[in-house]
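The values are calculated or read from the model by the stated rules, or taken from the named source; none is laboratory data. Computed from a prediction, not measured in an experiment: that's the story for all the values here. With ideal geometry, Cβ positions are generated from the backbone for all residues, glycine too; neighbour counts draw on all protein chains shown. Only protein heavy atoms, including side chains, enter the accessible area calculation; ligands, DNA and RNA are left aside. Shrake-Rupley method; radii C 1.70, N 1.55, O 1.52, S 1.80 Å.
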Amino acid sequence: MLSSALIVSLGLAASSLGQQVGNYTAESHPKLPWQTCTRGGSCTTNSAGTVTLDANWRWTHITGNYTNCYTGNTWNTTVCTSGSQCASQCALEGANYQQTYGITTSGNALTLKFVTKGENTNIGSRVYLMASDDKYQMFNVLNKEFTFDVDVSQLPCGLNGALYFVQMDEDGGLSKYSGNKAGAKYGTGYCDSQCPRDIKYINGEANSDGWNASPNDTNAGAGKYGTCCGEMDIWEANSISTAYTPHPCKTTNDGGQQRCTGQECNTPDRYGGLCDPDGCDFNSYRQGDRTYYGKGLTVDTSKKFTIVTQFLTDNNSTTGTLVEIRRLYVQDGKVIPNSKTNFPGLIKDYDSVTQQFCDDQKTAFGDHPSFQNQGGLAHMGRSLAKGHVLVLSIWDDHAVNMLWLDSTYPTDVDPNKPGIARGTCSTDSGKPTDVETNSPNAQVIFSNIKFGDIGSTYSGNPITLPQAPLPPGYNPPAGGTTTVPTTTTAGPTPTIPSTTNPAPAATQTKYGQWYVPLLARAPILANPVFSLLSSPSPLHEKKSAGVGYGGPTQCASGLTCTAINQFYSQCI
């Protein structure tokens with residue numbers, strides 16, 4: 001996340017993280033069932049799923065009475081003379097999810113409201129998916145896909161309805177840190193790739209030492225310590241722009257949670273710490289397709305749609321090396337392939353996140369290579385293999401007004417320069433005071449969460465995207481284009497379209513996609529959900545590429561022929 005952690009505004013009952021457990025409000029986690037899917041499209045409901053509120057939003061008070069340990073953006077220095085002393089004296093209270101925080105669930109849908117007014121006023125929220133009453137649900141997404149529905153129609157400029165993974169401890173640090181008595185049940189242990197220093201308790205101690213109140217946020221501040229870990233942003237979005245972004249970290253345990261101080265927290269040098277703060281982002285608008293995402297566009301944000309994210313490994317296993325993160329959408333029964341980079345002559349027309357995409361993007365856009373310096377996609381994969389916690393949130397940005405997501409950023413650079421324009425929002429938009437005043441009813445709805453084998457969590461009829469017009473003001477460099485041939489999608493097949501490279505003679509190159517005539521594919525229409533039906537064949541093995549297929553039956557050196565279904569195979 002390109003921001004510090006979210007903070008709640010609770011007036012005199014200001015939220016803060018405490019490590020003891022209070023007894024004034026019983027903690028009852030809202031139910032949020034989700035599904036696990038297997039090959040063939042069979043899905044099982046995890047009915048025990050619930051969510052818990054992040055501890056930074058909760059009221060903390062002196063154990064046994066109502067005196068605040070944290071008010072506004074300052075600590076109670078009478079109680080919090082040291083981090084450990086503060087933790088031992090302060091209790092973390094249960095949450096009234098709907099009335100205080102605007103968090104509700106209905107069936108498999110979670111609604112997060114932006115501003116909730118009651119006795120006090122709450123701004124935003126962050127919750128985690130639970131496996132049990134005191135443990136977070138852990139996900140290893142390698143060689144899997146993660147799917148959910150979202151409604152961002154009520155998220156204007158400056159807001160972010162985010163769904164992402166971070167490498168938190170399963171129990172929130174309860175067993176690791178003796179000062180933590182609350183654990184995952186009360187939402188403790190948060191970390192991310194920004195190494196946020198506004199987290200009020202870290203490793204079971206208060207972050208009160210060296211705490212400085214924020215100059216522009218009456219509820220936030222920053223302490224001596226930050227908390228870092230690997231982060232995979234599946235979805236950061238409003239109704240104007242969206243991005244998905246891996247952020248590797250060189251912390252302990254290949255990206256596991258680690259308390260930082262000083263330069264380790266990327267301060268003062270943004271790129272000199274433990275984590276990659278920028279990540280390698282795929283934002284369709286930033287990549288040059290200005291007609292793809294938004295209200296009334298190809299992915300129409302005025303109504304609900306489905307997001308599918310696939311994590312492909314080099315050996316098609318959960319222990320392989322992560323080599324590609326693919327994205328597609330489903331809306332109104334249509335499978336919409338991801339947009340493609342649209343700066344001919346400057347960068348190839350990528351439609352997914354690979355290491356080569358990240359290398360080329362950083363060079364073409366003039367971005368800092370922090371992603372590469374922190375180990376790139378391979379290191380991100382090692383982090384994901386350790387298990388990540390699912391985070392869902394709604395927030396505004398007191399640092400840079402969310403301009404990095406939906407506007408021109410940096411604001412002092414020509415927006416016609418590739419990589420600078422990220423959305424249509426004004427550079428004057430997104431100020432938290434404006435957003436909180438003008439859009440108090442904003443909300444995001446996440447629903448229908450599914451996790452499983454590649455191709456098992458969605459259905460629909462694929463469409464072919466038209467060629468996007470060049471971004472305004474962009475003139476391709478003279479001397480021709482360096483782009484690869486565009487993606488071809490022929491007929492209704494459930495696979496994600498990706499770049500197709502032409503192959504000589506009977507040998508197919510990487511991601512070569514093989515299709516049979518429409519009539520031969522007709523049975524797919526009755527059941528459009530398919531997944532991998534066989535393990536990868538040995539290199540150069542001559543196997544059927546699909547019923548009725550007459551093209552290449554061998555993969556180029558270093559690739560394997562993988563059967564997606566009886567009608568289609570692919571070189572991976």
(message) For a quick check: with amide H placed at 1.01 Å from N, whose amide H comes under 5 Å from F305's, ignoring anything fewer than 5 positions away on the same chain?
(response) V150
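Apply the a/c threshold of 1.5 to the C-alpha gyration tensor of segment 241-339 and tell me whether it is rounded, prolate or oblate.
oblate
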(request) May I ask you to compute the full-extension gain from E119 to T74, defined as 0.36 nm times their residue separation minus their alpha-carbon distance, rounded to one decimal in nm? (result) 14.1 nm
(request) May I ask which residue of T408, C249, N65 lies farthest towards the positive end of the charge dipole of segment 20-453, with charges of +1 (Lys, Arg) and -1 (Asp, Glu) on Cβ and the Cα centre as origin? (result) N65
(message) What number results when the radius of gyration of segment 319-416, computed over Cα atoms, is divided by 2.2 N^0.38 Å?
(response) 1.30
(request) Would you please give the residues with an amide H less than 5 Å from that of G22, counting only those at least 5 places away or on a separate chain, with H modeled from the backbone geometry? (result) L92, E93, G94
(request) Pick out, from T318, Y293, G375, the residue whose Cα sits farthest towards the positive end of the charge dipole of segment 278-415, with +1 on the Cβ of Lys and Arg and -1 on the Cβ of Asp and Glu. (result) T318
(request) Give the Kirkwood hydrodynamic radius (Å, one decimal) of segment 68-211, defined as one over the mean of 1/r across all pairs of different Cα atoms. (result) 17.3
(message) Strictly greater than 20 Å: what percent of every Cα pair in segment 56-125 meets that?
(response) 40
(message) Explain nothing, just the number: relative contact order of segment 20-453, from Cα pairs under 8 Å at least 6 residues apart, as a whole percent.
(response) 22
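Among rounded, prolate and oblate, which fits segment 20-453 when a ≥ b ≥ c are the square roots of the eigenvalues of its C-alpha gyration tensor, a/c under 1.5 means rounded, and a/b larger than b/c means prolate?
rounded
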(request) Would you mind checking the pairs K31/K144; K200/K224; K135/K181; K113/K303 and listing those with alpha carbons more than 21 angstrom apart? (result) K31/K144
(request) Compute the Cα gyration tensor for segment 369-441, then decide on rounded, prolate or oblate, letting a ≥ b ≥ c be the square roots of its eigenvalues: rounded whenever a/c is under 1.5, prolate when a/b is larger than b/c in the other cases, and oblate in all that remain. (result) oblate
(request) Enumerate by residue number the chymotrypsin sites (Phe, Trp or Tyr not before Pro) in segment 265-369 meeting two conditions: DSSP loop (anything except H, G, I, E, B), and at most 12 other Cβ atoms within 10 Å of the site's Cβ. (result) none
(request) Would you be so kind as to identify which of N207, S193, L155 lies farthest towards the positive end of the dipole of segment 131-210, taking Lys and Arg as +1 and Asp and Glu as -1 on Cβ and the Cα centre as origin? (result) N207
(request) Could you please state how large a percent of the accessible area of segment 20-453 is carbon and sulfur, counting protein chains only and using a 1.4 Å probe? (result) 45
(request) With r as the distance between the Cβ atoms of D414 and Q98 and R0 = 41 Å, compute the FRET efficiency 1/(1 + (r/R0)^6) and round to 0.05. (result) 0.30
(request) Round to the nearest 10 and report in Å² the accessible area of W235, as given by a 1.4 Å probe over the protein chains' heavy atoms. (result) 0
